[in-house]
Each structure stands twice: as C-alpha cells, then as structure tokens.
Amino acid sequence: MCRALTRIPWRSIAGSYCKLKTHQHGWRSFTDKLVFGRALTTSQAETTTKSMQMQIVHALRMGDRSKASSLLSSLGHGNYSLRADDFVDILTYCARSPDPLFVLETWRIMKEKEISLDNICSLLMLRALCKGGYLEEALNFINLLGDGISQISPIYNSFLGACAKMQNSTHANKCLDLMEQRLVGKNEVTYIQLLKLAVGQKNLSAVHQIWNDYIKHYSLSIISLRKFIWSFTRLGDLKSAYGILQQMVALAIRGSTSIYRSVEGKLLSPKLDIPIPVNRELGMEKLDPQAGAVSIPSVYCEKLESNAIYKEECAAVVFGIREAERMLNMYNSKPLMKVLRWSFSDVMHGCARLKNCELAEQLILQMQNLGLQPSSHTYDGFVRAVISERGFNFGMEVLKMMQKRDLKPYDPTLATLSISCSKALELDLAEDMLDQITEFSHPHPFNALLAACDTLDKPESAVRILAKMKRLKVRPDIRTYELLFSLFGNVNAPYEKGNIFSQVDAARRIKAIEMDMATNMVQHSHLSMSNLLRALGAEGMITELIQYLDGAKKVFSCNDTHMGTPIYNNVLHSLVEAKEFSFLFDMQSDKAITIFKNMKSCGVLPDDMTYNIMIDCCSILRCFKSASALLSMMLRCGYKPQHFTYTALIKILLEDENFNEALNLLVQAVSERIQLDVLLFNTILQKACDKLG
C-alpha cells in the first residue's frame, strides 16, 4: 500500500501550472505549502512507526513475545499507511538474533496490509529464516518473491550460505535450479558458498568442478584463489592447492591484482563482481597451474627480507627495472602480503595433515625467497609436517629460530615437539615442552610422556606427570588409563613373584584407577582390560584374574563386542606361568584348557601366540599327544612353528626320555632355519649327561 500523499492529482496540478504561469509568486507559495504539508505528515508517521519498531525490538530482547506481537498488531492496524521501510528495524533484529518465527508473523501482517517487499526487507527476512534453520520456509519465500527482487544474487547467496552451514545439498540443488529458471547469474560469493558446501561434504570432485567453472567465467583474483587453496588443502589435494598458490604468487608479482581493506576490516578485491548467467554445460578446461608461474632464484633472493632497499636492488638484478617496481609494490602492499602468507599457511597445514615433509620445506624456502615472514601459525604447520621425518632435534632448531624472531610458538607446536621428544625417550626435554603449554585441548602429549615412562620403566616419573595432569585439570582419555594399568597395575619388579603385601597394594591401585575411570565416564577398552589382567597375572592374583575375566565378558557383551584374542592370551599366559593345572585329563578343573575351549566357543579365533601358550601348557603337563594336536590345529590355521614352539615340544620328549624324537625335532627346526636359544641346547645336553651318568 502506498502513502495517501502519493495519490495527489498531479495532472490537475500541471494544468493549474499552465494557467497560472504568469503568476509565478502565487504558484511558488502554493507549492511550498503543499510540500511542507506532505513533509510534516510523512515525518509524523515515520516518527510513530520508528518508535513502535523500537518498542517491539525492546520487547523481543526482554523475551516478552506476547507484548511484541501485540505491538506488531497495533503497528499493522494503525490509522497511517505503511511501507516496507517501517519494518526494517524489526527485521534487522530478527535477522541478527535470529528470530524466524517473529519474521513469519511480521510477514503475515505485511501481506494483510498489501505492503510490497523491497530488496532490504526481503534479504533480512531470508537471513532470519536461514540462520534459524528454516530452510524449507526460506526456499518457499524465495519462490514467492517478485520478478525484480528475485533477480538479486545476494538473496540466493544467503540461502546457499545457510545450506553450506547446515550441509544440506538437497536445498542447495533446488536453489541452483531456481537460479537457472530465473536466469540469475553466479557471482564470486556464489562460488564461495558452493565451495563451503563441497568442503563440508568432503566432495573433492565438486570442488574441481567449481574451479573449472570459475576459471571459465572469471579472471583470477587473489581473494578467490585463496578460497580455492583453502578448499583443496582441507580435502587433501595438495597438488592442486600448490598449483593455485603458484598462480597467486605470479599474479602478486606481476601486479595483476590488488586488494583493499573495507570499513569493516575485510580484505576485498576492487574489481566489479558481475554475475555470470547460469549454464549447465560447464566448461571443463582446467587452467594449467604452472602456466606463467614466476620462480625467484634463491641465489639472488635469499636475503630479501633484510631491508626494502636491498629488496629493490636484488629484484632489479633478477627481473629488470620494471619487474623490480612490481616486486617492490608487492612488498609494500600489506594486505596483499597478508593474503599470500595466509595461503602459504593453508598449504603448510595441509602438509601437516598429510605429513608431506618435502613440500613443507619447499614452501618455507619459497616464503623466504618472496620476503614473506612466516607467522607462528605457519611454523606450527611446518613443525607438524616435518617432525616425524626430521626428528625432534630439527623441531628444536625451528623453535630456536622462532624465538630469535620473537615469535611465540602455538600450544599445538609445543605439544608436537613434546610428543616427538617422548617418542625419542627424551623425558626431561618432553616435560620441558609440556610446561610451556598454556592450554590443553587433549591429553595426547601427556599420554606420549606416560608411554615413554612405561617403556623406560620409570613409574616415579609417571606419578609426577599424572599429578601435573590433575593440577592442570586435563581430562584423561582411555589411552591414559591403558598406560596407567601398565605402569601401576603390578607392584613388583619384572620377574619378581608377588606376595601378600604387593597383592594388596596392586588391588588398591587397580581399584583407584577404575574409580577414576568411572568419575570421568570412561569405559574399558580391550587394551586397558588386557593390561589390567596382565598386572593381576604378574602378581599371581589368579582368583581375581578369573573374576575380572568373567566381568569383562559381561561388559563387552553389553557393548555388542567380543573380548579380543590378546585378553585371552594374557589370561592363559598368567595361568601357565602360575602352573594352575590339576590332573592331566581333568578338563573341567584345568582352568587354562577350559578358558581355551570357552574362547573358541565364543567365536574368538586363537592366534599363533595362543597356540604356543597352550603347547607350553602341555609341556608342563608333559602331554605330547595334546601338544601334537595343538600343533596340527596351529598349522591348519596357517601359523608356522617358532623357536618357542619347538622348545616346548622337545622339552616334553626329553621328559619322556624320547631322545630320538627330540633329536628329530631339533634337526627339523635347524633345517627350517629356526633360531633356537642356547638354553634348549643346554637342556638337551643336561638330559643326555643324566642318561649316561
């Protein structure tokens, strides 16, 4: 609905002007009064609607929706005519909040009053619906827009941005179909939203297709190239990302592009962003990423970052005077250098994810050649990319370089260095890196240090690390508890039998660890349970060992998983070591054999270690027939006998004084190039001496 003043009979006024053109002064007085009266009426109406809008927004902020709805109704049914502008403040608040339900209520009032939407109101309504997650309603809203408004690209870009955020490809495709029907072209923002959607869905082929479409219709710009570099690195296509990065470097050196900073602080390209008509037959010609790439010989540019005068002289030697001016312009453009540094960092972090040491080193050298000072973010990606191949010493050298340049390392950088030092069993250095971390997002560096303590059998150091975790309130994960059971489950040193005191202490430690697991709502894994059972077996706590095994069956069955073979192997090994056997053919009382049979009945497949443990069990029972049966099963499963297999079999034969068969097995083992230990030969010689003596 238009305002009443817009219905003035302008044709009659024009006629009056023709009649009264000789009375200029009288006509001017008449028009002055008319304009003044219209302005006064309009000003009063705008003041009233503005005040009511502010009241509605205030009610919404205070959470009083009923009052806001009542005021909106009053605004819609007032005695004054309304325009779309009279709802802008309300819609702006709803778009920021977002409040899609109140937008729908406002839209209903506007339709009742037959108020036509303008571009601003349409965009605000759509943003509120999109940010609120009302994609279906937002798409219906776009379908209902008039011809003029429906041709505006920001409407569709806003919707596509919401689809990318919610990873809804179905509605995004519907939006693209609608753009095609209405001949609405894509601009650079459209491509960026489509990139976000493709990256979120990990659709690398879609990113390549968007790239091909983009280079067909647009000339390259630094800002857009950075978006593509980010997309390719996130999806692990370092080859494409690096190629586009070289295109960016070439554009920057040639001066073919420029960047400016907007009032809001955003970096933008100054070129006009004209929408390109949608075409389903997209061109698939891929731009050669190496075409026109400019490389700077390091012999001339290794000292480019020293000072601006030297940069100009060096560039003049390499490129000539004109190219030197372009290089200097690139150095002096802070926004341009910042975007270049960001893109190098993006590719560097892609190298970190894929552990591409060679490309990471190439990138850091190129940054130095271009005079780009790596940031702490860049060094973080560089360290994580090269540390696994170059080792912790190289990482420490990079850290020293950062300190010389007054760059504070990121916490992930220090965590990576600490983990690398732990893997190299450099406990003091790893702990020093750990002390420099200000905030921990995960317990990985602590776990690595605890694993090193376990390898070196230093539980006292592990106690200090664990206390530090508690003090810093770092929440342990299942890996932490797996290591704690291995470190503190048993009290005695290796190969030392447990006693009643050590068993009580071990039970107390295990209970404390399990209580902490319950506090942090962490359930047992196969490895944590295996380490716990191994600790009980090492202390000779056989009764508790069987109880925990039965409990583990119930826990894992509730999670629809079976106990793994390593768990059974630990229990069987502990029973064999404890010599927990009764009579030779009493299978029910023989705990090890019973557990072995239960293991197979539960569908858990024995491995070579399982068979070797059971053959060792038969050597203690001096039952060559059962050992031979197990050996046959072992061979049928595809496992070859090892030196401890032959050792157990030969021991049984020696106990039965079957020297000929024992020597035959010995010859067979030697023919199969099995490396037998000296103890076995000593045992054979001792039995032979006893027989002769």
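Would you list V670, V347, V88, V576 from fewest to most Cβ contacts within 10 Å?
Least crowded to most crowded, the residues run V670, V88, V576, V347.
Size of the dipole of the stretch 614-693 about the Cα centre, Lys and Arg at +1 and Asp and Glu at -1 on the beta carbon, nothing else charged, in debye to 20? Write down the numbers at each step before the final one.
Values: 8 positive and 8 negative charges, 42 e Å.
Magnitude of the dipole: close to 200 debye.
What's the center-to-center distance, using Cα atoms, between the stretch 516-555 and the stretch 400-473 in Å?
Value for the Cα centre distance between the two parts: 28 Å.
Figure the gain on full extension for S116 and K468 (residue separation times 0.36 nm, minus the Cα-Cα span) and round it to one decimal in nm.
The span from S116 to K468 would gain 120.2 nm if fully extended.
Length gain on complete extension for the stretch E460 to D690, per 0.36 nm per residue less the alpha carbon to alpha carbon distance?
Here the answer is 78.0 nm.
Output the pairs from K334/K408; K239/K468; K408/K470 with a Cα-Cα distance over 31 Å in this structure; if there are none, say none.
K239/K468
Averaging sequence separations of C-alpha pairs under 8 Å and six or more residues apart, then dividing by the length of the stretch 614-693, give the relative contact order as a whole percent. Can you show the working numbers first?
Numbers: 56 pairs, mean separation 21.8, N = 80.
Averaging sequence separation for qualifying contacts and normalising by length gives 27 percent for the stretch 614-693.
Using 0.36 nm per residue, how much length does the chain from Q403 to K202 gain when fully extended, once their Cα-Cα distance is taken away?
Taking Q403 through K202 to full extension adds about 68.6 nm, to one decimal.
In sequence order, what are the phi-derived ³J(HN,Hα) couplings for the stretch 657-672 according to the Karplus relation 6.51 cos²θ - 1.76 cosθ + 1.60 with θ = phi - 60°, rounded to whole Hz, with x for glycine and proline?
So the Karplus estimates, Gly and Pro as x, are 6, 9, 5, 4, 5, 5, 5, 4, 5, 5, 5, 5, 5, 5, 5, 8 Hz.
Enumerate the calculated ³J(HN,Hα) couplings along the stretch 524-539 in order (Karplus 6.51 cos²θ - 1.76 cosθ + 1.60, θ = phi - 60°), each rounded to whole Hz, writing x wherever the residue is Gly or Pro.
4, 9, 4, 6, 5, 5, 5, 5, 5, 5, 5, 5, 5, x, 5, 8
Are there any GluC sites (Glu not before Pro) in the stretch 364-449 that are in a DSSP loop and have at most 11 other Cβ atoms within 10 Å? List them by number.
When the GluC sites (Glu not before Pro) of the stretch 364-449 are filtered for loop state and at most 11 Cβ neighbours within 10 Å, E439 remain.
Which GluC sites (Glu not before Pro) in the stretch 620-693 pass both tests, a DSSP loop state and at most 16 other beta-carbon atoms within 10 Å?
On the way: sites: E655, E657, E661, E672; in loops: E657, E672.
Filter output for the stretch 620-693: E657, E672.
How many nm is it between the label spots at L676 and E180, if each spot is 7 Å from the Cα in line with the beta carbon?
7.7
Taking the Cβ of K67 as the center, what net charge do the other residues with Cβ under 15 Å away carry, scoring Lys and Arg +1 and Asp and Glu -1?
Working: positive: R61, R65; negative: D64, D99, E105.
Taking every other residue near K67 into account, the sum is -1.
Take every Cα-Cα pair in the stretch 611-651 and report what % of them are more than 13 Å apart.
40
Based on other C-beta atoms within 10 Å, arrange W211, W342 from fewest to most. Intermediate results must be reported in sequence, preceding the final value.
Values: W211 21, W342 16.
Going from sparsest to densest Cβ surroundings: W342, W211.
Every read-out reported here was derived from the displayed coordinates using simple, explicitly stated rules and does not represent laboratory data. All values reported here derive from a predicted model rather than from experimental measurement. Methodologically, a virtual Cβ is constructed for each residue, glycine included, from the backbone with ideal geometry; neighbour enumeration extends over all protein chains shown.
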